[in-house]
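Below you'll find the structure, written out as structure tokens, and then a few comments.
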Ligand code: FE
Ligand code: CA
């Protein structure tokens, strides 16, 4: 076998991972790479940090990616698998090891490691670390979820999105760590794919706009090198979903914003999805080409179920795109008239048939006190004027897919979903709104939605804030960056919007900018005075 030859290119990504690992195990030479007494590995293996995610009662995913040269396409490692030892401990000093083992960092997956640790105890904190090439990683802290159906006193989760590297520093993550959340929920736009040099940048992307795997790896490495982001991953388990910028601005399934050849776009999407998988602590199976199943549920005992959805990969065509206008603009039309032929067409989809069916079923079966729809963007139908002053809907968020959104709300009613809440990101603004039954809009709310601002990404103008009340939002703020915090127990809870004084400063302070109380059994939000 030539697998120990560093000059050999990695095998094709379509080969079975299991077969490769099985083959690798048979090779003593392969196993000795990085082990004591063999060819030494370059130092700095853990430059991208460690992370954990997708916790369950007995299990959590541990992640790292070996990359001594993080911006290089191969991370600075030869194209051979590297054994990585992992340890999970009850204590910070790693005196009492609860579980340990060895995983292989596979060059075809960027020498990333995803360990599915089993046999842990529910509702417990653990520490974890990795060891490779004689180096010990920094330690991370994680936790398991409460046992299925177990009574649980409380859950604190922080939710965030949109952390454009060039738009600011990551003070938000420092403050979030200080809040000691059980879980961090990231709702999309972990990276931005743009070329370096955006207006008002405080720091620059380090590689050109990515279109291939090497480009996306370098972009993730740029973000993952940030010490405050690393610290947030070390502090708590994460659950992530993606939005558009993990691939390309405003993409819809196989369509980019320029409506380029879908076959070309899908090659780009495959590279982006692979890099996403390689850099996040995901329980999901690795992508196959341009396809990756990301939607899933996460249970917090009897208290809460998160339904984590993917509104990018399967969405149907955008509404109101007259071909001659699209051709003239050379891109899709991102703002659409309040009425057009197909905007309200009931057959249009945001989640795709399979995911929608899956969600329907999950909602029918959930016994949780709180049901949290972890999704990407604003659900409330909201209009804004275009340059000509004509009111328009976004073609890219749920306002452009109203029938698909209303099907979810109707399902909540039909399934008797208890205390539904939607959490979102994407719009670079904070927003809060009651959710009403689309068929009985005059009745009391059936739920509430909260969009948790952006870690750094900005939004031009202040129309969203100005038009908030007119659009039926209880709260709208588009000039402050930050994140949301959800605290719930069996009887009620609080959503707090946390706003940075200045996201362009690493030492920015933070303060509550809005607070809403929730009551179990009485859907809707109640604004508290600060
Ligand atoms: Fe964004
Ligand atoms: Ca977005």
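Can you name the residue in the range 56-71 that is in contact (Cβ under 8 Å) with a residue 60 or more places away in the chain and over 24 Å from residue 142 (Cα atoms) and is also surrounded by the fewest Cβ atoms within 10 Å (Cβ to Cβ) among such residues?
By that ranking, first place goes to 71.
Under the condition of being assigned to a loop (DSSP other than H, G, I, E, B) and within 24 Å of the chain's Cα centre (by Cα), which residue from the range 370-392 is surrounded by the fewest Cβ atoms within 10 Å (Cβ to Cβ)?
So the residue we want is 381.
Pick from 486, 423: which is closer than 28 Å to residue 303 by Cβ, within 16 Å of ligand 2 (Cβ to nearest atom) and buried (at least 17 other Cβ atoms within 10 Å of the Cβ)?
423
Go through the residues of the range 197-212 one by one and say whether even a single one is away from ligand 1 (no atom under 16 Å from the Cβ) and in a helix (DSSP H, G or I).
Looking for residues that are away from ligand 1 (no atom under 16 Å from the Cβ) and in a helix (DSSP H, G or I), one finds none in the range 197-212, hence no.
Which one of the conditions (1) buried (at least 19 other Cβ atoms within 10 Å of the Cβ); (2) assigned to a loop (DSSP other than H, G, I, E, B); (3) within 16 Å of ligand 2 (Cβ to nearest atom); (4) on the phi < 0 side of the Ramachandran plot does residue 185 fail to meet, given that it meets all the rest?
(2)
Mind listing whichever residues of the range 138-168 are part of a loop (DSSP other than H, G, I, E, B), buried (at least 24 other Cβ atoms within 10 Å of the Cβ) and away from ligand 1 (no atom under 16 Å from the Cβ)?
Correct list: 145 only.
Condition (residue is away from ligand 2 (no atom under 16 Å from the Cβ), assigned to a helix (DSSP H, G or I) and surrounded by 23 or more Cβ atoms within 10 Å (Cβ to Cβ)) applied to the range 107-123: is it met by at least one residue?
Checking the range 107-123: at least one residue is away from ligand 2 (no atom under 16 Å from the Cβ), assigned to a helix (DSSP H, G or I) and surrounded by 23 or more Cβ atoms within 10 Å (Cβ to Cβ).
Considering only residues of the range 237-279 that are assigned to a helix (DSSP H, G or I) and within 13 Å of the chain's Cα centre (by Cα), which is farthest from ligand 1 (Cβ to nearest atom)? So that I can check it myself, show each step before the final result.
In the first step, residues of the range 237-279 are kept if they are assigned to a helix (DSSP H, G or I); the result is 262-279.
Subset that is within 13 Å of the chain's Cα centre (by Cα): 273, 276-277, 279.
Values: 273: 18, 276: 15, 277: 20, 279: 17 Å.
The residue in question is 277.
So which pairs qualify, if the first residue must be in the range 103-127 and outside the structural domain of residue 48 (by TED's automatic domain parsing), the second must be surrounded by 20 or more Cβ atoms within 10 Å (Cβ to Cβ), the Cβ gap must be under 6 Å, and the two must be at least 6 apart or on different chains?
Listed pairs, sorted by first residue: none to list.
Look through 396, 406 and report the one residue that is crowded, with 16+ Cβ neighbours inside 10 Å, in a loop (DSSP other than H, G, I, E, B) and in the same structural domain as residue 365 (by TED's automatic domain parsing).
396
Identify, please: which residue in the range 325-339 is part of a loop (DSSP other than H, G, I, E, B) and under 20 Å from residue 259 (Cα atoms) and is, among those, farthest from the chain's Cα centre (by Cα)?
Taking the range 325-339 first, the residues part of a loop (DSSP other than H, G, I, E, B) are 330-334, 338-339.
Filter again for under 20 Å from residue 259 (Cα atoms), leaving 330-334.
Numbers: 330: 30, 331: 26, 332: 25, 333: 26, 334: 23 Å.
Residue satisfying both the conditions and the ranking: 330.
Among the residues that make up the range 512-528, is at least one of them buried (at least 17 other Cβ atoms within 10 Å of the Cβ) and either in contact with a helix residue (DSSP H, G or I) (Cβ under 7 Å, 6 or more places away or on another chain) or part of a loop (DSSP other than H, G, I, E, B) (or both)?
no
For (1) surrounded by fewer than 18 Cβ atoms within 10 Å (Cβ to Cβ); (2) closer than 22 Å to residue 55 by Cβ; (3) not assigned by TED's automatic domain parsing to the domain that holds residue 398, each residue gets a yes or a no:
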{"position": "258", "(1), (2), (3)": "yes, no, yes"}
{"position": "262", "(1), (2), (3)": "yes, no, yes"}
{"position": "308", "(1), (2), (3)": "no, yes, no"}
{"position": "324", "(1), (2), (3)": "yes, no, no"}
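The values are calculated or read from the model by the stated rules, or taken from the named source; none is laboratory data. Quantities reported herein were computed from a predicted structural model and do not represent experimental measurements. Cβ coordinates were reconstructed from backbone atoms using ideal geometry, including for glycine residues, and neighbour counts include every protein chain displayed.
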